[in-house]
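**Q** Have a look at the structure that comes next, please.
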Amino acid sequence: MESKRLLKIILLIVFIIITTTGAIGLISSLIEAVDKGFDTPTDPNCVTLQLQGATVEDCPTYSSEVSGLIIINAINTIIWFGILWRRKKRSATPSPKSPYEMSTESRKKRQRKSETDFPDFDDGQGSIFS
């Protein structure tokens, strides 16, 4: 059981790293695309490759890189919502009760009874105990 929990923690850390890297990559690609132009090829050697016979489809542009990273980050976001929703759902479900554990209603009744067990010594005179 402990190894399963450790594996979940390791996978969660790896997914955090993947998500962070994807977000940083998207931001950096957006900055480069705004700086150089969305239709500029990402590979600087693309012009020489085109002169050698490569087609335009062989050279990815910043717009294709940004759109690919948006899709990857959207998938990561959906996975995160699933993870957090599952954790929230798991924490909201009550755990199985022990046969020795008192129910909430009987606990409230006992608390009310214990509050009324003691007599009220307040005589309305402004005692130091009130």
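**Q** Can you list the residues, at least 5 places off or on another chain, whose amide H is less than 5 Å from the amide H of T61, using H built in the peptide plane?
**A** T42
**Q** I've got another one for you. Along the Cα→Cβ direction, 7 angstrom out, place labels at I9 and S28. What is the inter-label distance in nm?
**A** 3.0 nm
**Q** Roll a 1.4 Å probe over the protein heavy atoms and report the accessible area of E32 in Å², nearest 10.
**A** 70 Å²
**Q** With a point put 7 Å past each Cα toward its Cβ, work out how far I75 is from A92 in nm, to one decimal.
**A** Result for the modelled spin labels: 2.9 nm.
The values are calculated or read from the model by the stated rules, or taken from the named source; none is laboratory data. Owing to the predicted nature of the structure, the values given are computational and were not obtained by experimental measurement. So basically every Cβ, Gly included, is an ideal-geometry build from the backbone, and we count neighbours across all protein chains shown. We work out accessible area using only protein heavy atoms, side chains counted, and drop any ligands, DNA or RNA first. Shrake-Rupley method; radii C 1.70, N 1.55, O 1.52, S 1.80 Å.
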